[in-house]
1. Send over the semi-axes of the range 211-310's equivalent ellipsoid, whole angstrom and largest first, taken as the square roots of 5 times the C-alpha gyration tensor eigenvalues.
2. Taking only C-alpha pairs under 8 Å that are 6+ residues apart, what is the relative contact order of the chain in percent?
3. On alpha carbon coordinates alone, what is the Rg over Rh value for the range 49-91, Rh being the Kirkwood radius?
4. Full-extension gain between Glu296 and Asn221, please, as 0.36 nm times their residue separation minus the C-alpha to C-alpha distance.
5. Looking only at Ala63, Ala149, Ala266, which one moves most when the chain is put into a Gaussian network model with springs between Cα atoms under 10 Å?
6. Arranged by the count of other C-beta atoms within 10 angstrom, fewest first, what order do Glu43, Glu259, Glu272, Glu246 take?
7. If you take the Cα atoms of the range 47-188, find Rg, then find the Kirkwood Rh from the mean of 1/r over all pairs, what is Rg/Rh?
8. Could you please rank Thr252, Thr147, placing first whichever residue has the fewest other Cβ atoms within 10 Å of its Cβ?
Amino acid sequence: EKGGWDSFMDKEIHEDPAAVQRTLLGRFDDSGAIELDEVRIDEHDFKAIDKIIVVACGTASYAGQVAKYAIEHWVRIPVEIELAHEFRYRDPILNARTLVVAISQSGETMDTLMALRHAREQGSKVLAICNTQGATIPRESDAVLYTHAGPEVAVASTKAFVAQITAAYLLGLYLAQVKGTMFRDEIRQQVDSLKDMPRKIQWVLDTQTAAVEQAAERMANAQSFLFLGRHVGYPVALEGALKLKEIAYTFTEGFAAGELKHGPIALVDAGEPVVFIVPPERGRSVLHTKVISGIEEVKARGATIIAVAEEGDKDVQRYADVVFWRPACPTLMSPLVDVVPLQLFAMNMAKIKGYDVDKPRNLAKSVTVE
Ligand code: BG6
């Protein structure tokens with residue numbers, strides 16, 4: 001079943017490119033327009049949507065957090081991310097113009113299910129982004145957009161994460177199409193960028209694995225890690241931190257890089273490993289400059305810098321002790337590649353420590369209690 005891999009996690013990380021590719025498959029008509037046939041909310045209702053609330057837990061919530069940046073930019077409506085277990089206990093503001101998006105790999109997470117039931121009771125439409133055909137969450141939703149990542153066996157989610165981002169981006173572009181907030185050409189350009197990503201993820205798997213393995217050997221005894229990112233790199237940092245704590249049982253914290261000086265820098269001591277998700281140099285170069293200055297600040301305090309950065313980034317070359325390179329891609333697409341070395345890093349750390357990477361202690365694949 002593991003198809004030659006020594007763990008399901010290893011196999012599933014290597015299915016990241018296919019998970020994105022299969023999630024894009026069959027979602028366009030002959031003219032290239034986005035067609036989401038499992039979405040049974042009529043176009044009129046879609047046009048009226050003026051707010052999105054994503055409800056999810058764990059990795060799925062970070063996929064939603066990534067999608068917020070893209071959807072707000074493309075559709076110009078507010079997107080909120082709410083941990084499903086916080087949602088219904090705070091009397092959220094819901095109406096027919098709010099689309100609630102429930103993201104869940106298993107489709108059985110009780111916290112997420114209770115959140116969507118609450119949303120429907122309050123008159124909102126619910127769209128599920130789910131990896132499991134016929135699970136409870138898609139069955140109880142008004143619409144479903146399946147991620148076609150294939151069954152995910154390892155408890156720590158990997159390929160489902162990239163598939164969830166892909167599906168949420170498709171939803172965003174579909175909304176932009178229906179609401180007319182983007183020109184057709186602009187939509188097509190984003191779709192083309194998405195279609196390029198499986199190849200870019202494959203490049204990371206083919207060329208960065210050795211560097212990741214070496215880094216894990218070098219850091220195996222570290223007591224804690226900080227993960228920092230800005231913009232879409234922020235949820236990627238949170239996901240990288242989650243992977244490492246889930247399966248390598250290492251204390252990790254993910255922060256928005258801009259918060260560094262507002263607290264986390266107090267934790268930085270000589271030798272502390274700090275992982276930076278560095279945005280592309282082009283385009284949003286302000287972000288790049290700011291992340292680099294964060295690197296300089298922690299470097300000055302003796303931290304060990306691990307960077308995920310674009311190939312050829314000279315600033316990163318200057319300061320980082322370890323670099324996992326990404327091929328050039330638009331900022332909004334970068335999470336699809338940047339998470340891959342972090343998944344591999346967590347897996348390698350866990351293996352070096354002798355842990356079962358597929359079945360981490362105390363965790364379950366789907367949590368069906370609230
Ligand atoms: C957790 C799993 O308990 O549930 C995580 O260990 C997962 O890996 C989270 O991200 C949400 O699960 P699901 O199935 O709703 O995506």
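Just so you know, all these numbers are worked out from the coordinates, no wet-lab data involved. Source: prediction; values computed, not measured. We place every Cβ from the backbone using ideal geometry, glycine too, and count neighbours over all the protein chains shown.
1. Ellipsoid semi-axes (Å, largest first): 20, 15, 13.
2. 20 percent
3. That ratio equals 0.99.
4. Working it through step by step, the gained length comes to 24.6 nm.
5. Evaluated over the chain, the most mobile residue of the options is Ala266.
6. Glu43, Glu259, Glu272, Glu246
7. Details: Rg = 14.1 Å, Rh = 14.8 Å.
With Rh from the inverse mean 1/r over Cα pairs, Rg/Rh is 0.95.
8. The fewest-first ordering by Cβ neighbours comes to Thr252, Thr147.
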